[in-house]
Amino acid sequence: MRDLQDRPAAEYEIERAKVATEGWGARLLAEQQIDGRWAGGYYTPKWTSTFYTMQLLWHLGVPPGNPKAARAVEVLLEGGSATDGGIRLAGRHPYRARLGEVCESGMGLAMSAWFLPEEPRLPALRDNLLSEQFADGGWNCQRSAGHSSFNTTVLVLEGLLEWERQRGPDPNVTAARLRGHEFMLAHRMFRSHRSGEVISPQYLMLSFPGRWHYDILRGLDYLAMAGAEQDERASEAIAVLQKKQRRDGAWPLQHRHGGKTYFEMEEAAQPSRWNTLRALRVLRWWEGSIPPHC
């Protein structure tokens, strides 16, 4: 309704409100424990822990300010805020880490900015992510790597974009995101900067939820949602995405990231509503309209 039909907010927000009371969103919220966590853990078990349940609720669109989701944001930040302003949840709890984990911090900013945008600890989390950007424009949770990672970069970009969507334009954040765009585009969205080879076959497999993993649809959808300028260096990834469209007009679910879940939303190798929605968003951004055969 919002991204493909240009329906007014007054209409699509009525539908969004149902996510917390019907279907998948309601099922996930019903699993929350009295202490505000899921599955008794902050970051593990994957994918039923508090962290990854919250990430999925963010993707599903549970409305901002939902009491259960807001409580979970507070629980995550209380349990995982590091002294440098980042988030580190993996490992023993409760404890106070010195350095945040960049992937966790990027994902944490996205869900926290959506569900609880005025949380007073979020500016420090934003600043931490800005300070962790590599010279090549991206991010890597392995600080000693010397080169950015697609997995980490897309997570941070999603978090910074959500920050700006909820809190308004931020020149420093915008500049950092544009450098991140350049990192992805310089690698044509999936190729090694050294050899030109595909970095990982998994980057070309469409998955949802993506958890902490990158693939071309996730990267392209981020650019579309960010309103990035079209760049020829994304054209090869666009062509790969177009070739994955089925004869019935849909895109399939090609890959699942192994781990325990509360339930599966879609079947592998079958038409995927999530991937189709995101692919159409990408093509609308790239081509200016939704192709008729879709």
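The values are calculated or read from the model by the stated rules, or taken from the named source; none is laboratory data. Note that the structure is a prediction, hence the values are computed from the model and not measured. Methodologically, a virtual Cβ is constructed for each residue, glycine included, from the backbone with ideal geometry; neighbour enumeration extends over all protein chains shown.
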I want to confirm something. Restricting to region 36-52 and keeping residues that are assigned to a helix (DSSP H, G or I) and touching a residue at least 40 places away in the same chain (Cβ under 8 Å), which single residue is nearest to G258 (Cα to Cα)? Y52
F134 versus (1) surrounded by 15 or more Cβ atoms within 10 Å (Cβ to Cβ); (2) assigned to a helix (DSSP H, G or I); (3) out of contact with any Lys or Arg (no Cβ under 8 Å at 6 or more places or on another chain): which is the lone unmet condition? (2)
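Hey, can you tell me all the residues within region 193-213 that are of a type outside the set (A, V, I, L, M, F, W, C), in contact with a strand residue (DSSP E or B) (Cβ under 8 Å, 6 or more places away or on another chain) and in a loop (DSSP other than H, G, I, E, B)? Talk me through it step by step, then tell me what you get.
We begin by selecting, within region 193-213, every residue of a type outside the set (A, V, I, L, M, F, W, C); these are 193-197, 200-203, 207, 209-211, 213.
Now drop any that are not in contact with a strand residue (DSSP E or B) (Cβ under 8 Å, 6 or more places away or on another chain), which leaves 197, 202, 207, 213.
The answer is E197, H213.
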Check off (1) closer than 18 Å to V156 by Cα; (2) in contact (Cβ under 8 Å) with a residue 24 or more places away in the chain; (3) part of a loop (DSSP other than H, G, I, E, B) for H59 and give me the number that stays unchecked. (3)
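Mind listing whichever residues of region 4-24 are part of a loop (DSSP other than H, G, I, E, B) and either over 21 Å from M225 (Cβ atoms) or of a type outside the set (A, V, I, L, M, F, W, C) (or both)?
Listed by number, the residues that qualify are Q5, D6, R7, P8, T21, E22.
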Exclusive hit being among the aliphatic types (A, V, I, L, M), touching a His at 6+ places or on another chain (Cβ under 9 Å) and either crowded, with 19+ Cβ neighbours inside 10 Å or modelled with pLDDT under 95 (or both), set L253, L223: L223
The residue from R218, R284 that alone is within 24 Å of Q166 (Cα to Cα), surrounded by 20 or more Cβ atoms within 10 Å (Cβ to Cβ) and basic (K, R) is R218
Looking at D248 and the list (1) touching a Pro at 6+ places or on another chain (Cβ under 7 Å); (2) within 16 Å of S207 (Cα to Cα); (3) of a type in the set (D, E, K, R), which single condition is not satisfied? (2)
Mind checking whether some residue in region 250-271 is on the phi < 0 side of the Ramachandran plot, in a helix (DSSP H, G or I), out of contact with any Gly (no Cβ under 6 Å at 6 or more places or on another chain) and of a type in the set (D, E)? no
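Condition check ((1) in contact with an Asp or Glu (Cβ under 8 Å, 6 or more places away or on another chain); (2) at pLDDT 95 or above; (3) within 14 Å of C103 (Cβ to Cβ)) across all residues:
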position	(1), (2), (3)
A145	no, no, yes
S148	yes, yes, yes
L161	no, yes, no
R165	no, yes, no
V173	yes, yes, no
Here's a check for you: in region 20-46, which residue that is within 29 Å of R88 (Cα to Cα) and among the β-branched types (V, I, T) is farthest from the chain's Cα centre (by Cα)? I34
Filter region 25-35 down to residues that are in a helix (DSSP H, G or I) and either crowded, with 18+ Cβ neighbours inside 10 Å or without any contact (Cβ under 8 Å) to a residue 24 or more places away in the chain (or both), then give me how many there are. 5
